Each structure stands twice: as structure tokens, then as C-alpha cells.
1. Checking ALA75 against (1) farther than 26 Å from MET388 by Cα; (2) touching a Cys at 6+ places or on another chain (Cβ under 6 Å): exactly one of these is not met. Which one?
2. Tally time: how many residues in the stretch 314-358 are away from ligand 2 (no atom under 14 Å from the Cβ) and exposed (fewer than 12 other Cβ atoms within 10 Å of the Cβ)?
3. Among what's in the stretch 136-163 and is within 12 Å of ligand 1 (Cβ to nearest atom) and of a type in the set (Gly, Ala, Ser), pick the residue that is nearest to ALA384 (Cα to Cα).
4. Within the group GLY334, GLY381, which residue is within 16 Å of ligand 1 (Cβ to nearest atom) and part of a helix (DSSP H, G or I)?
5. Is there a residue being more than 19 Å from TYR26 (Cα to Cα), hydrophobic (A, V, I, L, M, F, W, C) and without any contact (Cβ under 8 Å) to a residue 12 or more places away in the chain anywhere in the stretch 281-300?
6. Residues in the stretch 113-130: is at least one among the basic types (Lys, Arg), assigned to a helix (DSSP H, G or I), at pLDDT below 95 and out of contact with any Pro (no Cβ under 7 Å at 6 or more places or on another chain)?
7. If LYS291 satisfies all but one of (1) surrounded by fewer than 18 Cβ atoms within 10 Å (Cβ to Cβ); (2) touching a helix residue (DSSP H, G or I) at 6+ places or on another chain (Cβ under 8 Å), what's the number of the condition it fails?
8. Looking at the stretch 17-36, is at least one residue in the same structural domain as VAL159 (by TED's automatic domain parsing), surrounded by 19 or more Cβ atoms within 10 Å (Cβ to Cβ) and touching a Lys or Arg at 6+ places or on another chain (Cβ under 6 Å)?
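The values are calculated or read from the model by the stated rules, or taken from the named source; none is laboratory data. All values derive from a computational prediction rather than experimental measurement. Here Cβ is always computed from backbone atoms with ideal geometry, including for glycine, and neighbour counts include all displayed protein chains.
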Amino acid sequence: MSSSVAQNQRVLSGMRPTGRLHLGHYHGVLKNWIELQHSYECLFFVADWHALTTHYEQPQMLAESVWEMVVDWLAAGISPGAAKLFIQSRVPEHAELHLLLSMITPLGWLERVPTYKDQQEKLKEKDLSTYGFLGYPLLQSADVLIYKAGLVPVGEDQVAHLEVTREVARRFNHLYGREPGFAEKAEAAIDKMGKKNARLYRDLRRRYQEQGDTQALEVGRALLETQQNISLGDRERLFGYLEGSTKLILVEPQPLLAKTSKMPGLDGQKMSKSYGNTISLREAPEMVEKKIRTMPTDPARVRRTDPGDPDKCPVWALHQVYSDEAVHQFVQQGCREAGIGCIECKQPVIDAVLRELTPIQERAQEYEADPAAVRAIIAEGCEAARDMARETLDEVRRSMGLGYR
Ligand code: TRP
Ligand code: SF4
């Protein structure tokens, strides 16, 4: 992938509205989005329908969670100038694509997604034996496919959903990708790439189709990704033509796994609301200080004079996120030789977290004070997203025989 990742690919990701975000979201997801928004065309959305698949009994919590999350995105540094921000349910095209894709999706594909059974087990108090919950990964597929997104930044737990998305796209293209005059259109598109690239493309295509040379296929795809002067439609034709004889209407996305590691919580486990070990992005500074001061440490350090082992201490995990080499030295030595107290050891972490949160909280306050501005950002994003979504949906409708009037 890496070398062939094209800047002209679309990036899309969604988050279920869970209310105010915490440092785990910031380090695990948002920092990555913030970086991506400057290199790619990015779409980020609030997956409110996905929230309803599990929280259909608490619809009253949606509105508040949605707006709190959007404010946190903006406060964290997601820029409405760089990325499009929108709300899933305000682009109803996702729902129509979900419906149309459901016609061709075998039940087994959804039943065997690991999160289906796992989540039912984990959320025992909820009845998740619903049609909507089974369809969760297919709705997610519609979210991605409707924008022809090439890259989807997600966590490990979402890779299986992306795999469903890819399978569905492949099946769709196989069933509906035949268009009249396809080969002629593809040949004309090849010529638009210029003499040299056209010759290269034809050569790679022959090597793949006649000798099964998968390396040639890879190179061919990379070549297409760098082509600036062919239309989106032609590009899809050429992707399909490279491999076979059908047009690729829907694009198979790749997951983009964040390189950021899991953010440790106050107790050393992964930071998560369900463990009650979080620091929220809008946590009051006094609370940040209090939470870190009362964090558990190496249980062997009962008294100030007892030596400790940072590897057995959740504070050390935070130092790895926040501190530089010099502080690492100070902690390692001070802890092992009982040269420092735990409060002393925690101070640099407190300072670093506060330093990180101050500008975020200042921005959050500004957005909180101006809800109309937040609504306007979302309205604009929804409109732009709808325009893109309609284009794909028109094509999908036509290819499924629904273009008649
Ligand atoms: N299922 C994702 C999660 O729980 C949220 C989501 C919904 C999503 N639709 C998406 C993520 C499309 C990426 C792309 O995190
Ligand atoms: Fe943990 Fe630091 Fe105390 Fe050692 S000195 S136990 S690393 S808080």
C-alpha cells in the first residue's frame, strides 16, 4: 500500500455519538484524523443511526451526545475548512444504499461478523436480536461505499466490518458492472493517459490477464491512482478493465489503522468510559489534577521509602505518552531508588495533560457559546456530503434497473 497511497483518494470515517470525548478518543482517533485532513479529502460523520442499533430504547440521549461530540471534534482541531463534517441521518442516501445493498448481501456474511455475537454477549441487558443490529456492518458499508472512499481510518475492532464492505462492493460490481460498450470506453480512456502510460497500462494488463502476474496488477493500480487527467468514471473503468471486463462502480476501501497505540487509562487498562478510568477533553483542571493524584501506583510502594517498579505502575504508562527522555530517566531512577515520591512523579504528567487540554478547552468554550456556528458547519457538511452521495446513488439505482421513469 504505502507507496501507492494516492493523495487523490477520499478518506471517510464515522464515530457513534457517545457524548463528550476523552483522551482515549483524542490519542486513538482524533489526532489521526487531524493529520489526515491536511493530506486527503476527508469526510467525518456522526453515526447516529449506528447508535440507535444498540440504543434504540434511549432516543432522548441522541441530540445532546451528537452536539457534544461535534464540539469536541472541532475543539480538538478537526477543521471544517479542511474536512467535511456531517451527520449520517441527514444524508438519507446512506439508507437507500443500505436497502439496495441488502438485496445482494447473503445473511451468512453478516451473521459471521465477530462483533455480531460478541456484542450481543457483552451487552446482555439489551435485546440485540434485531434486524437493524444484524445489519450494522452493512449500514457501515453503505456509509463508505456511497462516497467511494478509498481509505477508512478505523480501529482493529472495525477491520471485519471493512472486510464485509469489500466483499459487498466486489459482489455488486460483479453483478452490475457490465455496461454496454465497456471495452470501447475503456480503450478510449487508456488513450487519455498519454502515450507512455497507455503503453505501460496495456502491458501490465496483458501480463496480469495472460500470466496471472499479480505484481503487474499492483503496479497497474498504482499507475491509475496517480493519473490526474482522467475522470472518476474512466478511472473506475480502467480499474475494472485491468482485472477483467466489468466496470468497478463501487470502490473497495482499505482500512487505515492508526499508528497511535492504545491510550492507557487511570488504572492502567485501556482508557474507556465503561471502565470509569477516563479524563474527558473538557475535564476541569482541578479534576484532572485530582484524578491523576489519586491514581493507583505500584502497590509495592506503600511508604515513600519503599522502592518501586515503573513497569508495575499505570503512571509510567502515562509518562510514555507524555514525557520526554529526561523525565523518563527521572522516573526510572527516582522510583527504583525511592528517590522521589509518587506525587512528585505524577506532576509532569499533570502538567502535560493540562498543557494539552488548555487550548482544546478554550476552543470548546467558544463553540459552546456559539451553537449556531456549529449548526452551520454541520449544515454545510451535510449538503456537500449529500451531493456526493447522490451521484453514487444515481449510478447504483441505474445499474440495479431502477433508472426507468
Ligand atoms: N462502527 C464504527 C465504530 O463503532 C462507526 C462507523 C459507522 C464507521 N460507519 C462507519 C467507521 C463508516 C468508519 C466508516 O467505530
Ligand atoms: Fe509509579 Fe512514579 Fe510512584 Fe514509581 S514513583 S510507583 S512510577 S508513580
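1. Only one criterion is unmet by ALA75, namely (2).
2. 5
3. ALA149
4. Just a single option satisfies the conditions, and that option is GLY381.
5. Looking through the stretch 281-300, none of the residues is more than 19 Å from TYR26 (Cα to Cα), hydrophobic (A, V, I, L, M, F, W, C) and without any contact (Cβ under 8 Å) to a residue 12 or more places away in the chain.
6. So far as the stretch 113-130 goes, yes, one or more of its residues are among the basic types (Lys, Arg), assigned to a helix (DSSP H, G or I), at pLDDT below 95 and out of contact with any Pro (no Cβ under 7 Å at 6 or more places or on another chain).
7. Here LYS291 clears every test but (2).
8. no
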